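Each remark here refers to the structure printed beneath this line.
All of the numbers you see were taken from the coordinates with simple rules; none came from a lab. Because the structure is predicted, anything quoted here is derived from the model rather than measured. Note that we place each Cβ from the backbone using ideal geometry, even for glycine, and neighbour counts take in every protein chain shown.
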Amino acid sequence: MRKPEHMYRDLPMQIATVAIRVKPNVFEDVMKTLQAQLKIMGVHWKEIPRMSHHIIEIAEETRSAPTDVVKTTIDPALATLDILQKTLAKKGLTSSIKGTGELSISVGNSVAYPISLHLLPSTKKLTLIGRGYARQGVELVEIQKVLDAAMTRFPFFPLEIKKDEDGVFIHASHTIDYAGAGIPSRMLLNLVKEFSWRFEEVMAQDKDERLINLVRDV
């Protein structure tokens, strides 16, 4: 998923299994070579850092898969909330299946803010969802101020104001299609962590505490 622009200036972390990781200087050379190739291909210079980061993430997963003793990719036909919950638990994440049909993922092990996971097996779509509910009595215009501040800082992050039976909230989501390649557990873990950090940063724009913060207010 998309990250803040400043994060693309640094060398990405190696997410491949420890046994096949390369030395930092070798990894840096790989990045430089990839970026040089993208430049030759005509990719705009502003897009090269972002594109190279995401290409490396996919390459790292591809390199790791053959070394796995146990299969780490969830087959599209077998993906259920129960399977995803067990997969995340093996990675040290705590979650629970709610009556709404979502998997609620708790803070901990690099998950910065509680988020939800929605699975739609019929279309093979997995969606991560962040919700920041307004405190009782807070006017909609005040929530809009928080939203505007967050969208100014993170223009790439889709945000909107929604309302349900629990009240008005700022909503963020990120959807992936797992119909073709299934759900690689390493990439799922990294996606969950990345999304939670991005939404925590959105909640941090609430300087006047107009929203119920599930980390700050516990």
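Data overview
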{"read-out": "Gyration tensor (alpha-carbon) shape descriptor, segment 43-148, a/c threshold 1.5", "value": "oblate"}
{"read-out": "Residues T127, T73 arranged by fewest to most Cβ contacts within 10 Å", "value": "T127, T73"}
{"read-out": "Net charge of Cβ neighbours under 12 Å - reference L81; Lys, Arg +1; Asp, Glu -1", "value": "0"}
{"read-out": "Candidate aspartates and glutamates for bridging to K39, where Cα separation is under 12 Å - those fewer than 8 sequence places away on the same chain excluded", "value": "E47"}
{"read-out": "Size of charge dipole - the chain - debye, nearest 20, with Cβ of Lys, Arg +1 and Asp, Glu -1, no other charges", "value": "540"}
{"read-out": "Largest to smallest principal axis extent of the C-alpha atoms in segment 130-218, angstrom", "value": "46, 28, 26"}
{"read-out": "Percent of C-alpha pairs per 5 Å bin, the chain, short to long", "value": "1, 6, 13, 16, 17, 16, 13, 9, 5, 2, 1, 0"}
{"read-out": "For segment 93-163: rounded, prolate or oblate by the Cα gyration tensor [a/c cutoff 1.5]", "value": "prolate"}
{"read-out": "Cβ-based exposure ranking for F157, F27, in which fewest neighbours within 10 Å come first", "value": "F27, F157"}
{"read-out": "Given 16 as the ceiling on other Cβ atoms within 10 Å, longest exposed-site-free region of the chain for GluC sites (Glu not before Pro) in DSSP loops", "value": "48-138"}
{"read-out": "Which of L38, M187, L78, positive extreme of dipole for the chain (C-beta unit charges)", "value": "L38"}
{"read-out": "Inter-part distance where segment 122-157 and segment 176-213 are each reduced to a Cα centre, Å", "value": "12"}
{"read-out": "Cross-link pairs beyond the 21 Å C-alpha cut-off, checked among K125/K193; K46/K125; K145/K207", "value": "K46/K125"}
{"read-out": "Unit charges on C-beta of K, R, D, E only; dipole of segment 39-134, Debye", "value": "140"}
{"read-out": "Dipole of segment 25-150, positive end: most advanced residue of V141, I129, A112 [Cβ charges, Cα centre]", "value": "I129"}
